[in-house]
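Here the structure is laid out as structure tokens; the discussion comes afterwards.
Throughout, read-outs are computed from the coordinates displayed, never taken from laboratory work. The structure displayed is predicted, hence computed values, not measured ones. Cβ sites come from the backbone with ideal geometry, for glycine too, and all protein chains shown count toward neighbours.
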Amino acid sequence: MRLRGLVAIVTGGASGFGRGIAEAFAREGARVVVADIDGDAALATVRAFGGDAIAVKADVTLRADVDAMIGTAADVFGGIDILVNNAGTTHRNQSLMTVSEEMFDRIYAVNVKSIYLTTLAVVPQLEARGGGVIINTASTAGIRPRPGLTWYNGSKGAVITLTKSMAAELAPLKIRVNAINPVIGETAMLEDFMGVADTPDNRARFVAGIPLGRMSKPEDIANAAVFLADPASAFVTGVAIEVDGGRCI
């Protein structure tokens, strides 16, 4: 087991990519904190895959919730080794002129501010363990943006830049920071990204731009997260791995 005995927090862990990551970490022997704004869904996730895991209800845009999440993980498991900043949101695919200010603020709070808040809370915990790993879920949208998702694209570009800067600054503390760039995936936000109904024809339009011929799946992203969290990747930091079936070639 590649993560045996390590303690990991996965935000947005009750569905989609987050759930896939949490389940994969548990299979690899990690003790997992499944954090999600939907506490009931987080608890259901923990019950579904079992293992040494707990559920925490947390809104990652709120400092009090983030501090409580980190504190709970440290209290229950005695420390923290891995943080996956996976919680994210988007606006529906549309003109950049029609996205509301409220939605813009929500996107940047969930996708960007949350990384600021979790970093402030978790770095002392990781430092106390002699180092650790932070993994940020970014997106191919941050490097190969599509029209219709402009403000979301910008938030994920920020995540990629933050990842690289954090990696450089936190390296003396033996804290590695990396990102994963998924291509459009089979998650609950799929119709928002497409901006149209999830039909075979509409899927085909998006898959046409992916050389390997399909969308990403939670297990694809989870496999990348396990690689980045694995102590065997001790010399990997500051990268944004494209898990995209060739979309960004």
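Observations, loosely collected:
- Between the range 74-96 and the range 108-159, the Cα center-to-center distance that results, in Å: 8
- For the chain, Kirkwood radius (reciprocal of mean inverse C-alpha pair distance, Å): 17.9
- Structural descriptor for the range 7-235: relative contact order 22 percent, calculated from alpha carbon pairs under 8 angstrom and at least 6 residues apart.
- Top of E191, E102, E219 by mean-square fluctuation, Gaussian network on the chain, Cα under 10 Å: E102
- Secondary structure note: in the range 1-141, about 0% of the DSSP beta bridges are antiparallel.
- If you run the Gaussian network model on the chain, springs between alpha carbon atoms under 10 Å, then out of A68, A26, A179 the most flexible one is A68.
- Comparing I221, I37, I80 in a Gaussian network model of the chain where C-alpha atoms under 10 Å apart are linked, the largest mean-square fluctuation is found at I37.
- D_trans [Stokes-Einstein, Kirkwood Rh over alpha-carbon pairs] for the range 20-166, 25 °C, 0.890 mPa s, µm² s⁻¹: 152
- Partners of K174 within straight-line reach, counting aspartates and glutamates whose Cα lies under 17 Å from its Cα and excluding those fewer than 8 residues away in the same chain: D81, E127, D230.
- For the peptides 158-164, 206-212, the ranking by packing is 158-164, 206-212, with the highest mean count of neighbouring Cβ atoms within 10 Å listed first.
- Radius 12 Å from Cβ of M69, net charge of other residues (Lys, Arg +1; Asp, Glu -1): -3
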